[in-house]
Amino acid sequence: MILLLFGPPGCGKGTQASFISDSFHIPAISTGEMFRAECKAGTVLGKTACAILSRGGLVSDDIVNQIVAGRIAQPDCASGFLLDGYPRTVPQAAFLDELLAKRALPKPAVIHLDVPSEVLVARISARRQCPVCGHIYNLLSQPPKTAERCDADGAALTCREDDTEAVIRQRLEAYEKLTGPVIDYYRSGAYFRVDGNRPPQEISREIAALLAPGPPWGESARAADQELAGAR
Ligand code: AMP
């Protein structure tokens, strides 16, 4: 199965990506993580990407497309894969379509984790981090035992600079503007909007039910798996 996971910042995409990867035994590929790893390793690509990432810009379609094409050709993707953070533009979506068609792979299914902006703003602005050990708390869902103090070392918790309400709203607006057309691109296919404003386990259960064998998705999942097996 080939899956694309969409959702705004703070929607719990990382948690659901791990759940899907573990449950369906497919790699969860995050283009953002790939770029961060290249940055850390100091590769030529990493040096270009680092500058772009630090000013919050987008890496060019050509670079991202090539990196994704290389990654999904790896043996661990033979039974399918989940993409997180890609495609982010309509040309990237068109490139992915072409790439899958060339390799006789099925069209992707899309899971869109939808969470109202107001909930995201409240969630993200409740995030706190320990400046000493780096542990992340959330005053709403994972509060420390003592108010605003780290459980491990007692340090006063801090708020990340980009977790202020104004910055969060800016990030959400940028996300909407960018991703809206990409979601529209997929809406007529195997597109599933999932209410992300619920406890993570409940969301995982719904995703599992959507993707498990059984109509309506099951038929297309089986067909997709057969196509994948045939393409190997
Ligand atoms: P993320 O962790 O998905 O928010 O990605 C972190 C950063 O990596 C983004 O802000 C972009 O600079 C870059 N990036 C990740 N995926 C893409 C993509 N599909 N297209 C362009 N840039 C990307």
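The values are calculated or read from the model by the stated rules, or taken from the named source; none is laboratory data. Quantities reported herein were computed from a predicted structural model and do not represent experimental measurements. In this analysis, Cβ positions are derived from the backbone assuming ideal geometry, glycine residues included, and neighbour counts consider all displayed protein chains. The accessibility values were calculated without ligands, DNA or RNA, using every heavy atom of the protein model including side chains. Shrake-Rupley method; radii C 1.70, N 1.55, O 1.52, S 1.80 Å.
Does any residue in region 48-77 that is more than 11 Å from the ligand (Cβ to nearest atom) come within less than 6 Å, Cβ to Cβ, of a residue that is open to solvent by 40 Å² or more (accessible area, probe 1.4 Å) six or more places away or on a different chain, and which pairs are these? Listed by first residue and then by second, the contacts come to nothing, as the list is empty.
Count, please, the residues in region 70-105 that happen to be open to solvent by 10 Å² or more (accessible area, probe 1.4 Å) and either within 21 Å of D195 (Cα to Cα) or not in a helix (DSSP H, G or I) (or both). Step through it out loud before you land on a result.
Initial filter on region 70-105 (open to solvent by 10 Å² or more (accessible area, probe 1.4 Å)): 70-71, 73-76, 78-79, 84-85, 88-91, 94-95, 97-99, 101-105.
If we keep only those that are either within 21 Å of D195 (Cα to Cα) or not in a helix (DSSP H, G or I) (or both) as well, we get 73-74, 78-79, 84-85, 88-89, 103-105.
Of the residues in that region, 11 qualify.
When region 1-26 is limited to residues that are more than 10 Å from the ligand (Cβ to nearest atom) and surrounded by fewer than 16 Cβ atoms within 10 Å (Cβ to Cβ), the one that is nearest to G196 (Cα to Cα) turns out to be T15.
Here V110 passes the criteria (1) touching a residue at least 40 places away in the same chain (Cβ under 8 Å); (2) of a type in the set (A, V, I, L, M); (3) in contact with a helix residue (DSSP H, G or I) (Cβ under 9 Å, 6 or more places away or on another chain); (4) in a helix (DSSP H, G or I) except the one numbered (4).
Criterion first (touching a residue at least 60 places away in the same chain (Cβ under 8 Å), closer than 30 Å to V68 by Cβ and exposed (fewer than 12 other Cβ atoms within 10 Å of the Cβ)) does P181 satisfy it? For P181, the condition - touching a residue at least 60 places away in the same chain (Cβ under 8 Å), closer than 30 Å to V68 by Cβ and exposed (fewer than 12 other Cβ atoms within 10 Å of the Cβ) - is met. Those residues that are surrounded by 15 or more Cβ atoms within 10 Å (Cβ to Cβ) and outside any loop (DSSP other than H, G, I, E, B), I need them from region 147-157; list them, please. Within region 147-157, R149 is the sole residue that qualifies.
Has region 115-136 got at least one residue that is among the basic types (K, R) and assigned to a loop (DSSP other than H, G, I, E, B)? Scanning region 115-136, I find no residue that is among the basic types (K, R) and assigned to a loop (DSSP other than H, G, I, E, B), so the answer is no.
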